[in-house]
1. Just to be sure I understand, how many residues within the range 56-75 are under 13 Å from residue 148 (Cβ atoms) and surrounded by fewer than 23 Cβ atoms within 10 Å (Cβ to Cβ)?
2. Just need a number here: residues in the range 198-210 that are buried (at least 23 other Cβ atoms within 10 Å of the Cβ) and either under 17 Å from residue 36 (Cα atoms) or outside the structural domain of residue 223 (by TED's automatic domain parsing) (or both).
3. Conditions: (1) assigned to a helix (DSSP H, G or I); (2) aliphatic (A, V, I, L, M); (3) in contact with a Pro (Cβ under 9 Å, 6 or more places away or on another chain). Residue 209 meets all but one. Number of the miss?
4. Out of (1) of a type outside the set (Gly, Ala, Ser); (2) surrounded by fewer than 21 Cβ atoms within 10 Å (Cβ to Cβ); (3) part of a helix (DSSP H, G or I), what's the single condition that is false for residue 143?
5. Checking the conditions here, which among 134, 242, 185 is at pLDDT 95 or above, in contact with a Leu (Cβ under 9 Å, 6 or more places away or on another chain) and over 27 Å from residue 77 (Cβ atoms)?
6. Return yes when residue 165 is in contact with a helix residue (DSSP H, G or I) (Cβ under 8 Å, 6 or more places away or on another chain) and either β-branched (Val, Ile, Thr) or closer than 23 Å to residue 66 by Cα (or both) and no when it is not.
Amino acid sequence: MTYLVSDNSDHASRLKAFLRLVFDYLTLMKPSIISLLLVTTLPAMVLAEEGWPGWGLVSSAFFGLILSAGGAAALNMAADAEIDALMDRTKSRPIPRGAIKPRNAVIYGLVLGIISGVWFWWMVNPLSMALALFAFFYYGIVYSLFLKRKTVHNTVLGGVAGSLPVLIGWTAVTNGINPTGILLFLIVFCWQPPHFWALSLGLIRDYAAAKIPMAPNVIGSELTKKQMVLWSSLTLLTSILFTFVASMGWFYLIVAFVTGVGFLLISLRLTREAGSQGARGMFRYSTIYLSLLFGAMVIDQAFFPSLI
């Protein structure tokens, strides 16, 4: 009886350890970021199709993007292992915690990236494959090893990778790039700096300890906030311009204007706050804003006539 209890206990412990390892490998893929990427990708596909693209294409594009973005994130975590260990926000991640070796994370990330490329070529189209591989390489290698560590413009330049999934969604349907797809890319690109700077404002000490040249650490919080106002304004302008380039209806225009003005006003209010006060609210609103904006695109496409 004693042996039976011991065997069951050992089995439960091994199962728990295995599930924990699976969870850690999933964590390397940064699921929260992937989910935000997919929020913008689906509306892009619906707009490109002018209707529902079909479950087959949507699931194929989503699976490929999850592999590509997740693989790049794993490479990023491997590159950032020493940095993450110095920052309170990231020191509990799998690699600095010792749960996964950096070498294994690199292998994992590369495998995911390669599978993603093959998958896009086989199930979607070569153009989407090329964009996905470029995003994988740009974020996993160029940004993680060079831009993040070398330049204060890391957030802006790194935004290229974060904006490509929406264009990949577009090309998955159209197998081509046109002004509408490019403008979708630019909306996300302009949105990213104020979104991530809002986060970095509250992490100045962490980034200083890790010696990462984030804008608040290099140019100061006040100038960073002014830059956030600029990029919030550009986000508003590109989202309004999208109404006419993509022949959207009045519903999208109203949502884009109201939520975009809210985005701008919150960034302006941030310039009157001391230090990082209000930055967390800006970060939360920016996430909700992007979801509302792209959700409005789908609703407008389905139910409202074009203004043009």
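The values are calculated or read from the model by the stated rules, or taken from the named source; none is laboratory data. From a predicted model like this one, the values you see are computed outputs, not experimental measurements. Glycine also receives a Cβ, built like all others from the backbone with ideal geometry; neighbour counts cover every protein chain displayed.
1. Matching residues across the range 56-75 total 0.
2. 1
3. (3)
4. Every listed condition holds for residue 143 apart from (2).
5. Numbers: 134 fails: over 27 Å from residue 77 (Cβ atoms); 185 fails: over 27 Å from residue 77 (Cβ atoms).
Just a single option satisfies the conditions, and that option is 242.
6. Answer is yes for this residue.
A quick yes/no check of all residues on (1) within 21 Å of the chain's Cα centre (by Cα); (2) within 19 Å of residue 166 (Cβ to Cβ):
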residue	(1), (2)
63	yes, yes
78	yes, no
100	no, no
114	yes, no
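Here is a yes/no grid of residues against (1) under 18 Å from residue 47 (Cβ atoms); (2) outside the structural domain of residue 53 (by TED's automatic domain parsing); (3) not aliphatic (A, V, I, L, M):
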{"site": "233", "(1), (2), (3)": "no, yes, yes"}
{"site": "239", "(1), (2), (3)": "yes, yes, yes"}
{"site": "244", "(1), (2), (3)": "yes, yes, yes"}
{"site": "290", "(1), (2), (3)": "yes, yes, no"}
